[in-house]
1. Name the single residue, out of those in the range 88-106 being farther than 13 Å from Glu192 by Cα and either part of a loop (DSSP other than H, G, I, E, B) or among the small types (Gly, Ala, Ser) (or both), that is nearest to ligand 1 (Cβ to nearest atom).
2. Would you confirm, using the coordinates I've provided, whether Val406 is touching a residue at least 12 places away in the same chain (Cβ under 8 Å), hydrophobic (A, V, I, L, M, F, W, C) and over 24 Å from Glu470 (Cα atoms)?
3. Of the conditions (1) touching a residue at least 40 places away in the same chain (Cβ under 8 Å); (2) within 27 Å of Ser8 (Cα to Cα); (3) part of a loop (DSSP other than H, G, I, E, B), Gly109 fails just one. Which one is it?
4. Would you mind stating whether Ala71 is within 16 Å of ligand 1 (Cβ to nearest atom) and more than 30 Å from Thr439 (Cβ to Cβ)?
5. Based on this model, can you work out whether Asn284 counts as outside any helix (DSSP H, G or I) and within 16 Å of ligand 2 (Cβ to nearest atom)?
6. Could you list, in sequence order, the residues of the range 255-281 that are of a type in the set (Gly, Ala, Ser), outside any loop (DSSP other than H, G, I, E, B) and within 16 Å of ligand 2 (Cβ to nearest atom)?
7. Might you check whether a residue that is surrounded by fewer than 16 Cβ atoms within 10 Å (Cβ to Cβ), in a loop (DSSP other than H, G, I, E, B) and aliphatic (A, V, I, L, M) occurs anywhere in the range 54-61?
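Nothing in this text is a laboratory measurement; each read-out follows from the coordinates by a stated rule. Quick caveat, the model's predicted, so the values are computed rather than measured. Reconstructed Cβ throughout: ideal geometry from the backbone, glycine too, with neighbour counts over all protein chains shown.
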Amino acid sequence: MAPMLAPSLAALPLEQRYARLPAPLWTRERVTPLDAPWLVGWSDDAARALGLDPAAKDDPATLEAFNGQRALAVEPVAMAYAGHQFGVWVPRLGDGRAVLLGEARTPGGETWDVQVKGSGRTAFSRVFDGRSVLRSAVRELLASEALDALGIPTTRALCVVGSRTPVRREEEETGALLVRLAPTHVRLGTFEWVARSHPEHLAALADHVIAEDLAGVVDPTAADRHRRLLDEVVHRTARLVAAWQAHGFVHGVLNTDNLSIVGVTLDYGPFAFVEAFDPGLVVNHSDPGGRYAFDRQPEVCLWNLGRLAVALAPLVPREAAEEALAAYGPEFGRAYRELMRKKLGLAGWRGDEDDDLLLALLQTMSEGQADLALTLRALGRVDPADASSDAPVRAAFRDPRPWAGVAARYAARLRQDGLDPAARRAAMDAVNPRYVLRTHLAQRAIERAQAGDGDEVARLLRVLRRPFDEQPGEEAYALPPPADAPPVALSCSS
Ligand code: AMP
Ligand code: MG
């Protein structure tokens, strides 16, 4: 039987558990309404995950509540936090443009933070306007729902509300709200801020996360529960980053305030999926040093976890913290190889031999400017008994010559396993997406939305929610941008 969904936002059971923590950790806020709000995009799947009937989309009260024109059962709060940005400690960040409407409990017993990003000024806004622009809200909606469909842990996005409120960035844009769902919005940087500014509340924050967000995972009565918390964050982050690396997701701004304490992808700014394979891809134009390049994500996330360990020092002895951090590398390697085993369609991972094969393949893809998603998808078409079966792989390369060097090796490796080609292809198609969120696709949907039309956001979202399926009629969404298309510059500005 389908679970009972709340028929309206007002009927959704909401609590404000974060406000049970001591007051310096949060402030009471409200959403400052945007002018002429309209619903730009909406995820039915996110609504169901939240326990909300997707038909609530058509209820004017839904939009009014998100736009601060209608109160809900609990009062919104903004969360205090800080973080290391590009390796430098920034002592005062906090939800400068987001408020937590409350935590919803689903019929299945899960809880989701419901947050409005782009809420208008809060106590943490510093000199900024507290707004988000339509461009960045649409990108976050599409990306969070796309990563979720790929099986990558992430916050979710319920909807984007557009407006006529002008917002000044590099040029004038319009303000928008993103309604974001997360198991919790506590970040590594939340712990850093509390450890430095209010160390007397550090244990309370840790115990809150353990009780509310890691129930059934970390025993809240155990004497070493804070060590277990660190273990859990280390393991989850390692697995998360492994999924990013396997699918070619570049986050772009891996500051400690953008890393979730429960290991989900958090805060989509200048992110991108790797298209023509480039291990050192830097997507953020505000990152000239490449600190957050694609291939540096694993090490930089470990560095971030090190900052968490420092923050937890009063609760977790140094030796125990070092032991916890030492598990990151092995867990990352295990998770990454397991994902790549599936993506390459191998029965098992033959240690160094398969490490070398993978490295050679990635090197080949880089030399031949092979589209990552298309190449992996095409590898499922390779039949070692048919030499011409690799035509789709060659087609995924701009320059297919380098592929020749690894083609025979891959075919030989498949022969060792001797799997049935059709069964192997089906299994590979379930892990190698045909559709990923390409920057030019997002850009087209944004331009249409900026002109007042959300249809392209809806259509792209529908395609991205079924990334592994062949979708007749939607083939164009699987293609890289034309070679002569102007590049889209991605900055931190949002
Ligand atoms: P972000 O780059 O969105 O992760 O933001 C970093 C920090 O700056 C967070 O604490 C945000 O809440 C804050 N922030 C970013 N943009 C704005 C804005 N337009 N108004 C107020 N605060 C902002
Ligand atoms: Mg952030």
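1. Within the range 88-106, the first condition is being farther than 13 Å from Glu192 by Cα, and the residues that meet it are 95-106.
From the residues that got through so far, the ones that are either part of a loop (DSSP other than H, G, I, E, B) or among the small types (Gly, Ala, Ser) (or both) too are 95-98, 102, 104, 106.
Numbers: Asp95: 5, Gly96: 2, Arg97: 4, Ala98: 6, Gly102: 19, Ala104: 22, Thr106: 27 Å.
Of everything passing the filter in the range 88-106, Gly96 is nearest to ligand 1 (Cβ to nearest atom).
2. Numbers: touching a residue at least 12 places away in the same chain (Cβ under 8 Å): yes; hydrophobic (A, V, I, L, M, F, W, C): yes; over 24 Å from Glu470 (Cα atoms): yes.
So Val406 passes the test.
3. (1)
4. Against the criterion (within 16 Å of ligand 1 (Cβ to nearest atom) and more than 30 Å from Thr439 (Cβ to Cβ)), Ala71 does not qualify.
5. Working: outside any helix (DSSP H, G or I): yes; within 16 Å of ligand 2 (Cβ to nearest atom): yes.
Yes; evaluated as a whole, the condition is true for this residue.
6. The one that is of a type in the set (Gly, Ala, Ser), outside any loop (DSSP other than H, G, I, E, B) and within 16 Å of ligand 2 (Cβ to nearest atom): Ser260.
7. No, the conditions are met nowhere in the range 54-61.
Residue-by-condition table, conditions (1) in contact (Cβ under 8 Å) with a residue 12 or more places away in the chain; (2) within 13 Å of ligand 1 (Cβ to nearest atom); (3) surrounded by fewer than 24 Cβ atoms within 10 Å (Cβ to Cβ); (4) farther than 21 Å from Ala78 by Cα:
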{"site": "Ser119", "(1), (2), (3), (4)": "yes, yes, no, no"}
{"site": "Ser125", "(1), (2), (3), (4)": "yes, yes, yes, no"}
{"site": "Arg131", "(1), (2), (3), (4)": "yes, yes, no, no"}
{"site": "Ala137", "(1), (2), (3), (4)": "yes, yes, no, no"}
{"site": "Leu147", "(1), (2), (3), (4)": "yes, no, no, yes"}
{"site": "Thr165", "(1), (2), (3), (4)": "yes, yes, yes, yes"}
{"site": "Arg169", "(1), (2), (3), (4)": "yes, yes, yes, yes"}
{"site": "Thr174", "(1), (2), (3), (4)": "yes, no, yes, yes"}
